[in-house]
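Structure, as structure tokens:
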Protein chains: 4
Amino acid sequence: MIRFDSDYLEGCHPRILERLAGTNLEQTPGYGLDPHCERAAELIRGACAAPEAEVHFLVGGTQTNTTVIKSLLSPCEGVLCADTGHINVHEAGAIEATGHKVWALPSGDGTLNAERVREALEEFGADPTREHRVQPGMVYISHPTENGTLYGKEQLEALSAVCRSYGLPLFLDGARLGYGVMAEGAELSVPDVARLCDVFYIGGTKVGALFGEAVVIPSPGRIRQFRTLVKQQGGLLAKGRLLGIQFEVLFEDGLYFELARHADRQAMRLREAFLEKGVPFLYESVTNQQFPILPDGDIDRLLRDFSFELWQRMGSGRSAVRFCTSWATRPENVDALIEAIRKL
Amino acid sequence: MIRFDSDYLEGCHPRILERLAGTNLEQTPGYGLDPHCERAAELIRGACAAPEAEVHFLVGGTQTNTTVIKSLLSPCEGVLCADTGHINVHEAGAIEATGHKVWALPSGDGTLNAERVREALEEFGADPTREHRVQPGMVYISHPTENGTLYGKEQLEALSAVCRSYGLPLFLDGARLGYGVMAEGAELSVPDVARLCDVFYIGGTKVGALFGEAVVIPSPGRIRQFRTLVKQQGGLLAKGRLLGIQFEVLFEDGLYFELARHADRQAMRLREAFLEKGVPFLYESVTNQQFPILPDGDIDRLLRDFSFELWQRMGSGRSAVRFCTSWATRPENVDALIEAIRKL
Amino acid sequence: MIRFDSDYLEGCHPRILERLAGTNLEQTPGYGLDPHCERAAELIRGACAAPEAEVHFLVGGTQTNTTVIKSLLSPCEGVLCADTGHINVHEAGAIEATGHKVWALPSGDGTLNAERVREALEEFGADPTREHRVQPGMVYISHPTENGTLYGKEQLEALSAVCRSYGLPLFLDGARLGYGVMAEGAELSVPDVARLCDVFYIGGTKVGALFGEAVVIPSPGRIRQFRTLVKQQGGLLAKGRLLGIQFEVLFEDGLYFELARHADRQAMRLREAFLEKGVPFLYESVTNQQFPILPDGDIDRLLRDFSFELWQRMGSGRSAVRFCTSWATRPENVDALIEAIRKL
Amino acid sequence: MIRFDSDYLEGCHPRILERLAGTNLEQTPGYGLDPHCERAAELIRGACAAPEAEVHFLVGGTQTNTTVIKSLLSPCEGVLCADTGHINVHEAGAIEATGHKVWALPSGDGTLNAERVREALEEFGADPTREHRVQPGMVYISHPTENGTLYGKEQLEALSAVCRSYGLPLFLDGARLGYGVMAEGAELSVPDVARLCDVFYIGGTKVGALFGEAVVIPSPGRIRQFRTLVKQQGGLLAKGRLLGIQFEVLFEDGLYFELARHADRQAMRLREAFLEKGVPFLYESVTNQQFPILPDGDIDRLLRDFSFELWQRMGSGRSAVRFCTSWATRPENVDALIEAIRKL
């Protein structure tokens, strides 16, 4: 069985394990106050072209989203996002558990349209009953989105401009950021993200690390008491250096980007194979997640040798499925899948 | 200026003020542990044909919704409701502030369809990622709805049956319950509501009282520690007897229902007048809120002598507006409005 | 049975009921946006000598404490208070329910000592693990305290100075403020309170009103989105004018202060009677609550004709009890109690 | 510089790193649903002599405490604990952030006395105002305590009996459980803990793992929806197998207990050395944390070559300090410290 279910099937890039072994008996202070975290932060500031940025390391995505969002909102504010946003669907109500409404706006492809946000804010501003409503407090987006799609540069600039004109912080969930910036035709670089967003994170869990998300706050001090908030949310790892060490390895010579490009390329090979067969896609993804729509018979045939996720029933005996590649995907496994696709 | 803006424009029925004056210097224990609350509870149990029911008195609707909902949900559960539900729109995120997602389902007219609830629950049950989602924990409905519409008896029985088959408590917001049960052609009585719901409340604020909502829990003990939860939410009135006294007056000889019927009848007179002019309605309401769709010119004309609420722009120079009647609406004011409608 | 159990045994001052009757059929906008609330706010600004102050009307004390405190704290901050503080003991965890620790400091008499607060803040500032602790976010005091005791002017100035030097808002719970400022020898006036605190409230429930607490924010804008936060907490009364009307009556010609003085005087008469018999007191209260320590036999004797609260067992067959007077206490009832005390 | 600051200075036992490397390219399902977690759970059930127990793996202690406590409490309940309890002091208000009061009881040595708990519960039960107070909902203890002290078997049996007679779940924070059960003269075994507590966890972070805490629920189903609650709290690790793999290594042949014994022995050697010099201790710890009270001059002398934590100023030029040993402490480093102690 060759697995394409998700991008967190394996452990981590071997160089990380080596480094963990090499540093294992060092004695360092806890909670991220060690030299490895310091150096990793410095490397990330470089990658972001944001020399003043604060960088914090957390363990996982839900934890990171929750901590950042509760840090930025006042008690009667909510967070605007696409209805497909991870925080709206797959985080078990973590945002609401901190007291805030997730204010979901319809989205076709997973992105949040600047115009739609502006309309929602204008509608809110014009509503005479707005004092009785949840106040808009910030905007959350994912890049790549949960559907594998990307923001274009103009699109993110427009959204950022709307947010700034309304004084709303823009927070970008970069759980798969590497796969986004390294995709063919991607318009946005990490420095672009740092320039256009108020807070974002660079996902490690899905891009080569055992775990770990690096939160970047380009304007230092933008969030007060952030470390205490991370502690309160249960995200301050005692042996914080484990995060620093991993991000050092990923960012000291571009390994992060290399791994992401590999995954994107393998995904594009799959995409080509489906396109050649005339298979339509649920979303136009150029990143490591691909959502072809297949007849149920073909799905069953592929499931004999490959595992992947059933995404959505489309009616008429067809379903959208999800194939993920990752930094760890072996080209020969992709070859095998392509072969099978051609035989459908 | 004659006002039809809302059903809480005036104070209260004069008999309530008289009773408050008559009992003013009685010395009673606080926090609802007084003989007036006891007698009011007994009267309400009678009106509900629920001789074992617990009855609690709270001050306002948002407070009541919040207290009941946080009492019934575990930390990762959410409350299903119509997207037009008061808790989803006009309570400033009170439910989320207690940690719970409002799980809004689309609704045309303000009611929540039993089949739609079943589908949502089935979809949830079939979702392999459901462990990562907010768990369905209860169902909230309003009767009459925020749009003035009513549940039929079969409709509520069907919804109640779905809830019971899934083990989800059904909670009915009866802020305007009187106007619902006394409407022409209404199918549901208060005892029906008591039989089909796990918790509901009988709204006083909008039906003749100064303030006050009577929460009814037909199966006693269904909610543990309810009085402490009310205290925690800031809803345990020190001079609790003020609530008891008001509900005594309203329920000792049917005044509550009489006042509601009066408002419904005045609303029906308005409705007739609009229908005679061929004016369409946004919702088919038979209760005290009416939502005619009028050309903007006609709206301006009416606004010279009458106040009412602009509800929704419909395009093409027309808007839906809301006229409310109440226990306090004077028939001669309705006459005047009808006159004006006829002249449009 | 003559009752001295609490200061919320009766309804309200008759002039309030008269005014409610006189205004009953006025039609006003809801939620505190009516002319009565406007005028009451203006009268209160005058009484506070704070011409710019924001004034908001809420229904009860727990609700007010919760709303103000959650409005002022960021998510990892707590509120410092005396261990006897109402929010620490008798509000069913309402503050914690909004996510914040009540950081209780020991207090002998119910007041919070400026030096003790400074020490706590210095200890916190010197603790190398302070990032892992709840951050001090504000200070809560009651005046009079729950024990009937008062802050002196120097004492409150010192506390206010400590708070300001640390940037912590000072919030004063004035549920019984009238009884405090009108007590014999009281050093603090309402304008003093307005000058030294960042937020406070003037309690109506216990000083002549049916219910209602007037929140004063001397520097307008000090709390963002306050009305929405009140709504979220369930404290925005639909018929908000009921609060405005009551505070108009209380403040238009000094009735509030007159009623408070009456209660304080009756309490002093009781105090004298106990002192004459050599009875010791648990707290040195000059306000409307008195805490004599009596042999259990004497308590039983008094309980035949009077009701009052058992406060604390003191050992050796003695207990502290609480007698409350109020705006409604009749001097002849105090005469009767004094008579009984003399016979002990 | 030889460091004795904490028990999380190093990475992990080398066998864990080896196993991580050996399993690195396995493809497994995420979120703890993999064979490693399954096997680790089975091994832990064995170590607990609790064949039916549920076992869940979380990342860190604060996260675990928060998740378990919010899972067990209803909204107006609080958690009783010693005032020195980790949740009361060093978790940044994480428990309060989920809406619950930490109800701290005084403790001399860090343990929570059964009699004191019973008294608190009796006092609560006898309080006529108890409806207005936070309700007791569960009991939290640490073993070893934050002060390194241990519960005796009778002591824990007594506490467990009190909890059960009041229907309160007993939750044991075992962040350092290994050091507790392997201490010289320890009376409690892991199966004892499983028998006497309703939930507890076996700490990995401080006892040989990179990170990880294994929650044990001896009666399966005792907590509903636990996995979703873990997800909501941000504790469900995507690559959950990392936790399973670590606990497999620790429990498959007793490594966990061996490492703990090593640390305890090294601590006892330090303890002996201090005792020989007549140095008093702040707490009578037989586990891996030692709290000698030293003259400030001696502290300065030791700080030249060793690092450790300043714990508490004792006055008169003396302070209590904390030395921690761990699974990774090298005997020769302890030799060096003993040498230095002898020279004081």
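The values are calculated or read from the model by the stated rules, or taken from the named source; none is laboratory data. Computed from a prediction, not measured in an experiment: that's the story for all the values here. Glycine also receives a Cβ, built like all others from the backbone with ideal geometry; neighbour counts cover every protein chain displayed.
Some notes on this structure:
- Of the helices (runs of 4 or more DSSP H) lying entirely inside region A:255-344, the ones with 1 or more residues being under 19 Å from the mean Cα position of the chain (by Cα) and surrounded by fewer than 19 Cβ atoms within 10 Å (Cβ to Cβ) are found at A:255-276.
- Members of region A:212-229 that are touching a helix residue (DSSP H, G or I) at 6+ places or on another chain (Cβ under 7 Å) and not charged (D, E, K, R): A:G212, A:A214, A:V215, A:V216, A:P218, A:I223, A:F226, A:T228, A:L229
- Screening the candidates C:G178, C:G152, C:G204 for the property of being out of contact with any Gly (no Cβ under 9 Å at 6 or more places or on another chain), at pLDDT 95 or above and outside the structural domain of C:A263 (by TED's automatic domain parsing) yields one hit, C:G152.
- For first residues located in region A:48-65 and free of Cβ contacts under 8 Å to residues at least 40 places away in the same chain, partners that are crowded, with 22+ Cβ neighbours inside 10 Å and lie 6+ apart or on another chain with Cβ distances below 6 Å form the pairs A:T62/A:E91; A:T62/A:A94; A:T62/D:G234.
- For A:C81, the test of being more than 17 Å from A:K231 (Cβ to Cβ) and either under 21 Å from the mean Cα position of the chain (by Cα) or not assigned by TED's automatic domain parsing to the domain that holds A:G221 (or both) is passed.
- The set of residues from region C:131-165 being more than 27 Å from C:V286 (Cβ to Cβ) and surrounded by 16 or more Cβ atoms within 10 Å (Cβ to Cβ) comprises C:E131, C:H132, C:R133, C:V134, C:Q135, C:P136, C:G137, C:M138.
- Any hit, region B:184-196, residues being within 29 Å of A:H90 (Cα to Cα) and either touching a Cys at 6+ places or on another chain (Cβ under 6 Å) or buried (at least 21 other Cβ atoms within 10 Å of the Cβ) (or both): no
- Scanning region B:74-99 for residues that are more than 13 Å from chain C (Cβ to nearest Cβ) and in contact with a helix residue (DSSP H, G or I) (Cβ under 7 Å, 6 or more places away or on another chain) yields B:C76, B:V79, B:L80, B:C81.
- You will find that of A:G93, A:G99, A:G61, the residue that is of a type in the set (G, A, S), surrounded by 24 or more Cβ atoms within 10 Å (Cβ to Cβ) and over 21 Å from the mean Cα position of the chain (by Cα) is A:G99 and no other.
- A:S160 meets each of the listed conditions (1) in a helix (DSSP H, G or I); (2) within 11 Å of the chain's Cα centre (by Cα) apart from (2).
- From the list A:G11, A:G60, A:G22, the lone residue that is out of contact with any helix residue (DSSP H, G or I) (no Cβ under 7 Å at 6 or more places or on another chain) and under 30 Å from A:I95 (Cβ atoms) is A:G60.
- Residue match in region A:186-204 (condition: touching a residue at least 24 places away in the same chain (Cβ under 8 Å), among the aliphatic types (A, V, I, L, M) and within 23 Å of D:E213 (Cα to Cα)): no
- Output for region A:51-66, where each listed residue is touching a strand residue (DSSP E or B) at 6+ places or on another chain (Cβ under 7 Å) and either in a loop (DSSP other than H, G, I, E, B) or not acidic (D, E) (or both): A:A53, A:V55, A:H56, A:F57, A:L58, A:G60, A:G61, A:T64, A:N65
- Out of A:C48, A:C12, one residue alone is within 28 Å of A:V139 (Cα to Cα), hydrophobic (A, V, I, L, M, F, W, C) and within 21 Å of the chain's Cα centre (by Cα). It is A:C48.
- Condition broken by C:R227, with the remaining ones in (1) in a helix (DSSP H, G or I); (2) away from chain B (no Cβ under 14 Å); (3) among the charged types (D, E, K, R) satisfied: (2)
- Any hit, region B:236-253, residues being without any contact (Cβ under 8 Å) to a residue 24 or more places away in the chain, surrounded by fewer than 19 Cβ atoms within 10 Å (Cβ to Cβ) and over 24 Å from the mean Cα position of the chain (by Cα): no
- Just one of the listed residues (B:G221, B:G208) is more than 21 Å from the chain's Cα centre (by Cα) and either under 22 Å from B:A49 (Cβ atoms) or part of a strand (DSSP E or B) (or both), and it is B:G221.
- Single unsatisfied condition, D:I141 versus (1) within 14 Å of chain C (Cβ to nearest Cβ); (2) of a type outside the set (D, E); (3) more than 19 Å from B:K231 (Cβ to Cβ): (1)
- Given (1) in a helix (DSSP H, G or I); (2) closer than 30 Å to A:T67 by Cβ; (3) of a type in the set (V, I, T), number of the condition D:V79 does not satisfy: (1)
- When A:G125 is tested against the conditions (1) small (G, A, S); (2) surrounded by 18 or more Cβ atoms within 10 Å (Cβ to Cβ); (3) outside any loop (DSSP other than H, G, I, E, B), the lone failure is (2).
- Criterion: among the charged types (D, E, K, R), out of contact with any strand residue (DSSP E or B) (no Cβ under 7 Å at 6 or more places or on another chain) and more than 30 Å from B:G137 (Cβ to Cβ) - qualifying residue of D:R176, D:R241: D:R241
- Flag for D:Y8 being among the aromatic types (F, W, Y) and either more than 7 Å from every other protein chain (Cβ to nearest Cβ) or closer than 20 Å to D:A104 by Cβ (or both): no
- So A:T67, is it hydroxyl-bearing (S, T, Y), out of contact with any Phe, Trp or Tyr (no Cβ under 9 Å at 6 or more places or on another chain) and within 10 Å of another protein chain (Cβ to nearest Cβ): no
- Set side by side, the residues D:L237, D:L242 differ, and just one is at the interface with chain A (Cβ under 9 Å from one of its Cβ atoms) and outside any helix (DSSP H, G or I), which is D:L237.
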